[in-house]
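Take a look at the structure set out below.
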Amino acid sequence: MSIDTERVITGRAEDVHATLFDTDSGGRPLLDHPNVPIDTRAAITSATESMRVSGGTAPGGLEVSTEAISVAAGVLSRVNERAGDVLLGTTATDVEVAAWSMTGHPLLVAAAASSALTKAALAAAQARMTLTQLHLASAQQHYEMVEASVGSLFGPGILTMPGWNLTGSSMSGLRTTLDEFTDAVQRADISTPAEFATRVRVTSFGVVVAGGGPEGTNAVIRGVGLDDVLDSSLRTPLPSVVLRHSRAHRDLGGQPGDEFTLGQYARVWADGLLTGVGETEAHVGPEEAAVQAELGASWPVVRAAVNGLSGRSGFEWLTAYSTGRSLSPAERLLYPLVRGHAVRPKAKETMTGITPRNASDHGMAGLAKRPLPAGVEFDGAVPVTVAGTAGALKDAKNIVEDRENSTVMVQKSTDSSGRAAFSVVLTGTEVWHDGQGVHDIAGIVEGMKVQPHDSLDELPPAQRAVLEALKDAGIRPGDSVVLTGHSLGGIDAAGLATNRAFQERYSVAALTTFGAPVGGFEFSRDTSVMAVEHSDDMVPPLDGVGNPDGENRSTVRVDTQYNGQYSTVGSLSGVGAHDMYAYTLGAQGISNSGHAAVTQHEQALRAAIPAGTDANTETYIYEATEEHIVHNPEGR
């Protein structure tokens, strides 16, 4: 379907930093929510303790280093040898002193006794060192044997066998669960069966170990999560011989012999279904529209039944007239479920620049109305830490009150020498239907379809709004840009970071995503990339592709599940784990960890963005909206 979408920009954005970060408004309040305690130290500590890093400077693959054991054994061996030399060298002296003690002189008798005791103690120490050497040698042999056997069991040959992905993520989750449970029991100091029976209980949320969490809290061991199961399933490769002639295979750019995962095919099928239904509904004829109005709430059931039974002989509005394609039987069957999430053709896109004069008209909220959980270190400046990027994301999401938040935020930071760099913040999905804003389900479909070779004019609306905000902020070719995004915002940020035209124009220094499916994006080696994923968050696996590891690309998985859920949207499984408030606490734990991969990524942020008291910060915001084609009686 070819639709000429009208694009309108209503005014340039201006610097609204003083409006958004005015400390005279009372300062930033703490988050007041029943699921998020005032004291969040336990959640932050648990994130630090539970974080698992792959890629970056983190060691990759299965590897057990016995170098430390070998060094200790060598040092101990040398000390033991010297102790033996001392024993041997003092033997003649000991014999002589013993002979002189036979005279009965008290001093000589005491000297002989002291010499004998010293020699006995040295001999005992030598014996203990020899035993320790044997234990170290045994441990080294044991670890090397385990490494060899486990390495061969889970090595590249096994990992690439068909069906391995059905259990890989779940097995990893199970191993992590066992480690967490062991740590919790040890922290709780449970030593008897009676204590175990009274302090360990199974709940719907997981296994609770009383006193097994940080700061004396209860530890909640989640078990193998929904994300592990979903990740394992969606990463399962489907044989190309079955689907190589399918439209989905072609849409994925596949060549004969190329294999794609279930998740990759499912995404293409879902995109086609949502778009097809939306295009069809946009071309409802006048007769069918009248019937729909008459039947009211009964219309979806009647419509699905009639068209499912009679095909095109029933209501002909089930034909996408401009393409000549009818909905398939499967699409008709799924129609009642899909209709509310359909992606409809757009008639008009509008981008509105926010200024200090119109900020209140767009619901801009100052610091006093933008809470963050306690313990999150973010002062409103351009973020240069993982914790700061998460705080900026939540801050951007809270900037707009009481309306569908489809805003993008660009911050410009300039140091005393005049060097400028730019921080882009893209929030996540606001509604799971095709709404008036662009942070919706249509934005997901558009964001996952972007290709590196797309022109800047072909990018989704949120990404084009970023381009407008950067232009208003005065960006110049070659200037540094760092990008941050949550969920759909992470998809958009990754789309910008991998776009060739964007890379040719600007220097993309770093990308940080939270809860975003970005495994299918290929980033430049010059860009430091960190993907943060919360345990049980079901969104990151949805692309069906694992996050590749690299020297400048890492993935960090964390938990903040101790002492309550720490989420404003309910349980920390599924949707709750996707909550940005939970991610802000997790990100603070990540920044507190001092992990080498985290340090590397934060160094890239600091190198790109001027920070400190001598840096001047400006903020530019666009609000993006869209209008849909909902009825076109001329479409026949």
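Read-outs: derived from the displayed coordinates by stated rules, not from any lab. Every value quoted in this text rests on a predicted model; they were computed, and no experiment measured them. Note that we place each Cβ from the backbone using ideal geometry, even for glycine, and neighbour counts take in every protein chain shown.
The lysines within cross-link reach of residue 412, meaning a Cα-to-Cα straight distance under 28 Å and a gap of 8 or more places when in the same chain, are 369, 394, 397, 471. Our note on the geometry: Cα centres of segment 516-535 and segment 1-57, 19 Å apart. Note on residue 449: lysines with a C-alpha under 18 Å away, same-chain residues under 8 apart excluded, are 346. Sorting 377, 504 from the fewest to the most surrounding beta carbons within 10 angstrom yields 504, 377. In plain terms, the residue of 426, 31 with the fewest other Cβ atoms within 10 Å comes first and the most crowded comes last, giving 31, 426. Each peptide in 525-531, 266-272 gets a packing score, the mean of other Cβ atoms within 10 Å over its residues, and the list from highest to lowest is 525-531, 266-272. Report note on the peptides 580-591, 190-201: ranked by the mean count of other C-beta atoms within 10 Å, highest first, their order is 580-591, 190-201. Each Lys or Arg adds one and each Asp or Glu subtracts one; over the other residues with Cβ under 13 Å from the Cβ of residue 591, this totals -1.
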